[in-house]
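See below for the structure under consideration.
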Amino acid sequence: MAQKTTRTPMVAGNWKMNLDHVEAIHLIQALALRLRSTESSQIDVVVHPPFTDLRSVEGIIGADSLPIRLGAQHCSDLESGAFTGEVSVGMLSRLSVELVLVGHSERRQFFGMTDELVASTASAVLGGGLTAIICVGESAEQRADGETTTVLTHQVEMALAGVASGAEDRVLFAYEPIWAIGTGVAATEVDAQMACAHIRSVIAHERTEAIASTMRILYGGSAKPDNAGDLVGQPDVDGLLVGGASLDAESFAAMIEAVSACYGSPAGK
Ligand code: 13P
(Lines give C-alpha, C1' and ligand atoms only; values in the text may rest on other atoms or scores of the structure.)
Protein backbone atom coordinates (compact mmCIF):
# COMPACT_ATOMS: atom_id res chain seq x y z
CA MET A 1 0.00 0.00 0.00
CA ALA A 2 1.35 3.47 -0.95
CA GLN A 3 2.63 5.73 1.79
CA LYS A 4 0.30 8.35 3.16
CA THR A 5 2.71 11.03 1.96
CA THR A 6 1.85 10.21 -1.65
CA ARG A 7 -1.70 11.43 -0.98
CA THR A 8 -2.15 15.22 -0.84
CA PRO A 9 -4.05 16.09 2.35
CA MET A 10 -7.34 17.94 2.06
CA VAL A 11 -9.23 20.16 4.45
CA ALA A 12 -12.73 20.86 3.15
CA GLY A 13 -15.31 23.11 4.76
CA ASN A 14 -18.97 22.18 4.32
CA TRP A 15 -20.91 25.31 5.17
CA LYS A 16 -24.26 23.50 4.90
CA MET A 17 -27.25 25.92 4.89
CA ASN A 18 -25.32 28.76 6.55
CA LEU A 19 -24.14 32.20 5.38
CA ASP A 20 -25.76 34.29 2.65
CA HIS A 21 -23.56 35.59 -0.16
CA VAL A 22 -22.54 38.72 1.74
CA GLU A 23 -21.53 36.70 4.80
CA ALA A 24 -19.75 34.27 2.50
CA ILE A 25 -17.65 37.09 1.04
CA HIS A 26 -16.65 38.17 4.54
CA LEU A 27 -15.65 34.66 5.55
CA ILE A 28 -13.58 34.04 2.43
CA GLN A 29 -11.79 37.37 2.83
CA ALA A 30 -11.05 36.64 6.49
CA LEU A 31 -9.84 33.16 5.61
CA ALA A 32 -7.62 34.49 2.83
CA LEU A 33 -6.01 36.98 5.21
CA ARG A 34 -5.49 34.30 7.83
CA LEU A 35 -4.08 31.78 5.33
CA ARG A 36 -1.41 34.21 4.17
CA SER A 37 0.55 33.43 7.30
CA THR A 38 -0.10 29.69 7.02
CA GLU A 39 2.03 27.13 5.22
CA SER A 40 -0.91 25.60 3.38
CA SER A 41 0.51 25.21 -0.11
CA GLN A 42 0.85 21.44 0.31
CA ILE A 43 -2.77 21.04 1.32
CA ASP A 44 -5.93 21.13 -0.78
CA VAL A 45 -8.17 23.66 0.93
CA VAL A 46 -11.78 23.57 -0.26
CA VAL A 47 -14.96 25.41 0.68
CA HIS A 48 -18.46 24.14 -0.08
CA PRO A 49 -20.78 27.15 0.26
CA PRO A 50 -24.53 27.11 -0.46
CA PHE A 51 -25.43 27.39 -4.17
CA THR A 52 -26.44 31.06 -3.81
CA ASP A 53 -22.93 31.98 -2.62
CA LEU A 54 -20.95 30.22 -5.33
CA ARG A 55 -20.77 33.11 -7.78
CA SER A 56 -19.57 35.57 -5.13
CA VAL A 57 -17.01 33.18 -3.68
CA GLU A 58 -15.79 32.26 -7.16
CA GLY A 59 -15.24 35.95 -7.89
CA ILE A 60 -13.09 36.51 -4.83
CA ILE A 61 -11.05 33.34 -5.25
CA GLY A 62 -10.41 34.23 -8.90
CA ALA A 63 -9.69 37.93 -8.41
CA ASP A 64 -7.15 37.32 -5.65
CA SER A 65 -5.85 33.95 -6.94
CA LEU A 66 -6.53 32.46 -3.53
CA PRO A 67 -5.24 28.95 -2.76
CA ILE A 68 -8.79 27.80 -2.09
CA ARG A 69 -10.79 25.45 -4.29
CA LEU A 70 -14.51 25.74 -4.77
CA GLY A 71 -16.91 22.91 -4.01
CA ALA A 72 -20.67 22.39 -3.99
CA GLN A 73 -22.69 20.47 -1.41
CA HIS A 74 -24.89 18.52 -3.79
CA CYS A 75 -26.12 18.38 -7.38
CA SER A 76 -28.59 16.60 -9.59
CA ASP A 77 -27.70 13.41 -11.42
CA LEU A 78 -29.57 14.81 -14.43
CA GLU A 79 -28.29 17.17 -17.13
CA SER A 80 -31.16 19.63 -17.54
CA GLY A 81 -34.91 19.85 -17.82
CA ALA A 82 -38.07 20.11 -15.76
CA PHE A 83 -36.60 19.30 -12.34
CA THR A 84 -37.67 22.19 -10.13
CA GLY A 85 -35.13 23.17 -7.54
CA GLU A 86 -32.28 21.10 -8.91
CA VAL A 87 -28.82 22.25 -10.05
CA SER A 88 -26.79 20.41 -12.68
CA VAL A 89 -23.12 19.52 -12.82
CA GLY A 90 -22.75 21.69 -15.92
CA MET A 91 -24.07 24.74 -14.05
CA LEU A 92 -21.58 24.15 -11.23
CA SER A 93 -18.74 23.62 -13.63
CA ARG A 94 -19.44 27.03 -15.26
CA LEU A 95 -18.94 28.60 -11.83
CA SER A 96 -15.47 27.04 -11.46
CA VAL A 97 -16.74 24.46 -8.99
CA GLU A 98 -14.24 21.62 -8.94
CA LEU A 99 -15.62 19.28 -6.28
CA VAL A 100 -19.08 18.13 -5.22
CA LEU A 101 -20.11 16.40 -2.00
CA VAL A 102 -22.16 13.34 -2.92
CA GLY A 103 -24.45 11.50 -0.53
CA HIS A 104 -23.87 13.54 2.60
CA SER A 105 -25.79 11.87 5.44
CA GLU A 106 -28.07 14.91 5.66
CA ARG A 107 -29.07 14.36 2.01
CA ARG A 108 -29.59 10.66 2.73
CA GLN A 109 -31.53 11.23 6.00
CA PHE A 110 -33.63 14.31 5.25
CA PHE A 111 -34.01 14.24 1.47
CA GLY A 112 -34.33 10.53 0.79
CA MET A 113 -31.10 10.15 -1.16
CA THR A 114 -30.74 6.43 -1.83
CA ASP A 115 -27.56 4.47 -2.45
CA GLU A 116 -28.62 4.25 -6.11
CA LEU A 117 -28.98 8.03 -6.35
CA VAL A 118 -25.61 8.47 -4.67
CA ALA A 119 -24.08 6.27 -7.39
CA SER A 120 -25.83 8.05 -10.27
CA THR A 121 -24.91 11.46 -8.84
CA ALA A 122 -21.28 10.41 -8.49
CA SER A 123 -21.43 9.23 -12.09
CA ALA A 124 -22.84 12.61 -13.22
CA VAL A 125 -20.19 14.55 -11.28
CA LEU A 126 -17.37 12.50 -12.74
CA GLY A 127 -18.89 12.56 -16.22
CA GLY A 128 -18.88 16.36 -16.02
CA GLY A 129 -15.17 16.35 -15.26
CA LEU A 130 -15.52 17.27 -11.59
CA THR A 131 -14.32 15.51 -8.46
CA ALA A 132 -16.73 13.67 -6.16
CA ILE A 133 -16.34 13.51 -2.39
CA ILE A 134 -18.59 10.58 -1.54
CA CYS A 135 -19.83 10.59 2.06
CA VAL A 136 -20.45 7.40 4.00
CA GLY A 137 -21.01 6.64 7.66
CA GLU A 138 -23.12 4.71 10.13
CA SER A 139 -25.86 5.91 12.49
CA ALA A 140 -25.67 5.65 16.28
CA GLU A 141 -28.02 2.65 16.21
CA GLN A 142 -25.98 0.85 13.58
CA ARG A 143 -22.85 1.52 15.60
CA ALA A 144 -24.46 0.22 18.79
CA ASP A 145 -25.52 -2.92 16.91
CA GLY A 146 -21.93 -3.52 15.75
CA GLU A 147 -22.86 -2.87 12.11
CA THR A 148 -20.32 -0.16 11.29
CA THR A 149 -18.16 -2.15 8.89
CA THR A 150 -21.17 -3.81 7.23
CA VAL A 151 -22.77 -0.42 6.60
CA LEU A 152 -19.54 1.07 5.26
CA THR A 153 -18.92 -1.90 2.98
CA HIS A 154 -22.41 -1.61 1.54
CA GLN A 155 -22.28 2.16 1.05
CA VAL A 156 -18.83 2.11 -0.55
CA GLU A 157 -19.71 -0.78 -2.88
CA MET A 158 -22.95 0.89 -3.95
CA ALA A 159 -21.25 4.25 -4.54
CA LEU A 160 -18.44 2.69 -6.57
CA ALA A 161 -21.07 1.42 -9.00
CA GLY A 162 -21.23 5.05 -10.16
CA VAL A 163 -17.47 5.39 -10.60
CA ALA A 164 -16.33 4.44 -14.09
CA SER A 165 -13.07 2.62 -14.42
CA GLY A 166 -10.36 5.24 -14.91
CA ALA A 167 -12.24 7.97 -13.02
CA GLU A 168 -11.07 6.88 -9.57
CA ASP A 169 -8.43 9.60 -9.37
CA ARG A 170 -11.27 12.13 -9.14
CA VAL A 171 -12.97 10.37 -6.23
CA LEU A 172 -12.50 10.84 -2.51
CA PHE A 173 -14.47 9.17 0.27
CA ALA A 174 -15.38 10.95 3.49
CA TYR A 175 -16.08 8.85 6.57
CA GLU A 176 -18.69 10.79 8.48
CA PRO A 177 -20.29 8.82 11.32
CA ILE A 178 -23.77 10.31 11.73
CA TRP A 179 -23.49 10.23 15.52
CA ALA A 180 -20.47 12.53 15.37
CA ILE A 181 -21.93 15.17 13.04
CA GLY A 182 -22.73 18.38 14.87
CA THR A 183 -22.73 16.66 18.25
CA GLY A 184 -19.37 17.80 19.59
CA VAL A 185 -18.45 14.12 20.00
CA ALA A 186 -15.91 13.25 17.32
CA ALA A 187 -14.81 9.69 16.62
CA THR A 188 -11.59 8.88 18.41
CA GLU A 189 -8.57 8.77 16.16
CA VAL A 190 -8.51 4.99 16.66
CA ASP A 191 -12.13 4.61 15.48
CA ALA A 192 -11.56 7.02 12.59
CA GLN A 193 -8.47 5.08 11.52
CA MET A 194 -10.27 1.73 11.71
CA ALA A 195 -13.18 2.99 9.62
CA CYS A 196 -10.98 4.70 7.02
CA ALA A 197 -8.75 1.63 6.74
CA HIS A 198 -11.85 -0.49 6.24
CA ILE A 199 -13.12 1.83 3.49
CA ARG A 200 -9.71 1.57 1.81
CA SER A 201 -9.83 -2.21 2.00
CA VAL A 202 -13.26 -2.25 0.35
CA ILE A 203 -11.94 -0.02 -2.47
CA ALA A 204 -8.98 -2.39 -2.90
CA HIS A 205 -11.34 -5.35 -3.06
CA GLU A 206 -13.68 -3.66 -5.56
CA ARG A 207 -10.94 -2.09 -7.70
CA THR A 208 -7.21 -2.58 -7.16
CA GLU A 209 -4.70 -2.19 -4.35
CA ALA A 210 -3.02 0.61 -6.34
CA ILE A 211 -6.26 2.56 -6.71
CA ALA A 212 -7.08 2.13 -3.02
CA SER A 213 -3.64 3.26 -1.93
CA THR A 214 -3.82 6.53 -3.86
CA MET A 215 -7.45 7.42 -3.09
CA ARG A 216 -7.90 10.00 -0.36
CA ILE A 217 -10.19 9.29 2.55
CA LEU A 218 -11.32 12.14 4.80
CA TYR A 219 -12.83 12.13 8.26
CA GLY A 220 -15.78 14.35 9.21
CA GLY A 221 -17.87 14.78 12.36
CA SER A 222 -17.12 17.35 15.08
CA ALA A 223 -13.59 17.87 13.78
CA LYS A 224 -12.10 20.87 15.56
CA PRO A 225 -8.69 22.55 15.87
CA ASP A 226 -7.88 20.53 18.97
CA ASN A 227 -8.53 17.08 17.45
CA ALA A 228 -7.52 17.79 13.82
CA GLY A 229 -3.88 16.79 14.27
CA ASP A 230 -4.64 13.54 16.07
CA LEU A 231 -7.21 12.50 13.46
CA VAL A 232 -5.05 13.29 10.44
CA GLY A 233 -2.03 11.81 12.19
CA GLN A 234 -3.56 8.39 11.48
CA PRO A 235 -2.16 6.49 8.49
CA ASP A 236 -5.45 6.16 6.57
CA VAL A 237 -6.98 9.56 7.39
CA ASP A 238 -5.98 11.94 4.60
CA GLY A 239 -7.80 15.05 5.69
CA LEU A 240 -10.97 16.48 7.15
CA LEU A 241 -14.47 17.40 6.05
CA VAL A 242 -15.45 20.13 8.48
CA GLY A 243 -18.91 21.49 9.23
CA GLY A 244 -19.39 23.93 12.11
CA ALA A 245 -15.71 24.75 12.62
CA SER A 246 -15.38 25.82 8.96
CA LEU A 247 -17.77 28.75 9.51
CA ASP A 248 -15.14 30.64 11.45
CA ALA A 249 -11.97 31.74 9.65
CA GLU A 250 -9.82 31.40 12.75
CA SER A 251 -10.85 27.84 13.62
CA PHE A 252 -10.79 26.66 9.99
CA ALA A 253 -7.32 28.12 9.49
CA ALA A 254 -6.16 26.54 12.75
CA MET A 255 -7.28 23.15 11.44
CA ILE A 256 -5.43 23.69 8.16
CA GLU A 257 -2.34 24.51 10.22
CA ALA A 258 -2.79 21.39 12.38
CA VAL A 259 -3.03 19.22 9.27
CA SER A 260 -0.05 20.99 7.72
CA ALA A 261 1.98 20.27 10.86
CA CYS A 262 1.17 16.55 10.51
CA TYR A 263 2.82 16.51 7.12
CA GLY A 264 5.68 18.80 7.94
CA SER A 265 6.50 21.70 5.67
CA PRO A 266 6.82 21.03 2.81
CA ALA A 267 4.51 17.97 2.86
CA GLY A 268 6.17 14.73 3.85
CA LYS A 269 5.75 12.95 7.16
P1 13P B 1 -19.58 19.07 11.94
O2 13P B 1 -18.12 19.33 11.71
O3 13P B 1 -20.38 20.31 12.23
O4 13P B 1 -19.81 17.96 12.91
O5 13P B 1 -20.17 18.55 10.52
C6 13P B 1 -19.50 17.55 9.83
C7 13P B 1 -20.10 17.42 8.49
O8 13P B 1 -21.22 16.99 8.33
C9 13P B 1 -19.28 17.86 7.35
O10 13P B 1 -19.83 17.46 6.13
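The values are calculated or read from the model by the stated rules, or taken from the named source; none is laboratory data. Quantities reported herein were computed from a predicted structural model and do not represent experimental measurements. Positions of Cβ are backbone-derived with ideal geometry, glycine not excepted, and every protein chain shown enters the neighbour counts. What goes into the accessible areas is simple: the full protein's heavy atoms, side chains included, and nothing from ligands, DNA or RNA. Shrake-Rupley method; radii C 1.70, N 1.55, O 1.52, S 1.80 Å.
Just a few scattered comments:
- Amide H within-cut-off set for T131, under 5 Å, with H built and near neighbours excluded: L99, V100
- Cα radius of gyration and Dmax for segment 50-112 (Å): 12.8, 39
- Solution diffusion estimate, µm²/s, Stokes-Einstein, the chain, Kirkwood Rh from C-alpha pairs, 25 °C, viscosity 0.890 mPa s: 134 µm²/s
- Solvent-accessible area assigned to carbon and sulfur over segment 120-269 amounts to 53 percent, based on a 1.4 Å probe.
- Distance from segment 199-213 to segment 42-87 (C-alpha centre basis), Å: 29 Å
- Applying the criteria of a DSSP loop state and at most 12 other Cβ atoms within 10 Å to the trypsin sites (Lys or Arg not before Pro) of segment 132-230 yields no site.
- Rounded D (µm²/s) - segment 1-122, Kirkwood Rh over Cα pairs, Stokes-Einstein at 25 °C, 0.890 mPa s: 156 µm²/s
- Efficiency of FRET between E147 and F110 - r from beta-carbon atoms, R0 22 angstrom, step 0.05: 0.55
- For segment 122-193, the fraction of alpha-carbon pairs in successive 5 Å shells from zero, as %: 3, 15, 24, 21, 14, 13, 8, 2
- Average accessible surface area per residue within the chain, 1.4 Å rolling probe, Å²: 42 Å²
- Descending semi-axes in Å of segment 201-269, equivalent ellipsoid built from Cα gyration tensor: 25, 14, 9
- Where labels lie 7 Å past Cα in the beta-carbon direction, separation of V22 and S80 in nm: 3.4 nm
- HN-Hα J in Hz across segment 62-72 - Karplus 6.51, -1.76, 1.60, θ = phi - 60°, x for Gly and Pro: x, 4, 9, 6, 6, x, 10, 9, 9, x, 10
- Hull volume in cubic angstrom per residue (convex hull over the Cα atoms of segment 88-127): 66 Å³
- Long-range HN-HN contacts of V46 with modeled amide H, under 5 Å: V11, A12, G13, R69
- Volume in Å³ per residue [convex hull over Cα atoms, computed for segment 156-259]: 99 Å³
- Carbon and sulfur %, accessible surface of segment 54-112 computed with the full protein complex present, 1.4 Å: 52 percent
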